[in-house]
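Participant: Starting off with a structure, shown below.
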Amino acid sequence: MAAVPAGASVEADVPLLAHLTADHRVYWVGTSKGATPDYLAFDLRGWGQQVSDPGQLAAQLHPRRGTRSRTARTASRS
C-alpha cells in the first residue's frame, strides 16, 4: 500500500479498504461507476481466480482507460 501516494483514488477489495480510507479516495472493487481510480489495490490471496496480469485486470474493470491504470499488488496484514 505504500506504493499508492496520499490523495490518490484507489479501487480496492475489502481487506484493504480500511487501510486506505484515511488519506485516499477509496472505491470498493466494482463500485466506481463513472470514476476511473488512479490505482487498483487487491489482496490477491483472497481472490477465487488467479490474477496473472494486473494490467489486464485493470483493462477489464476500466476499459475506457485501458491498461494505463496503475496496479499495486499488496497482501493483507496478518
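Nothing in this text is a laboratory measurement; each read-out follows from the coordinates by a stated rule. These figures come from a predicted structure and were not determined experimentally. No Cβ is skipped: glycine too gets one built from the backbone with ideal geometry, and neighbour counts run over all protein chains shown.
Participant: Determine which single condition Thr31 fails, assuming it passes every other condition in (1) surrounded by 12 or more Cβ atoms within 10 Å (Cβ to Cβ); (2) in contact with a strand residue (DSSP E or B) (Cβ under 9 Å, 6 or more places away or on another chain).
Facilitator: So Thr31 meets the others, but not (1).
Participant: Residue pairs, Cβ under 8 Å, 6 or more apart or interchain, first in the range 9-24 and under 15 Å from Asp38 (Cβ atoms), second among the charged types (D, E, K, R). List them.
Facilitator: Ser9/Arg25; Ser9/Asp38; Val10/Arg25; Val10/Asp38; Leu16/Asp43
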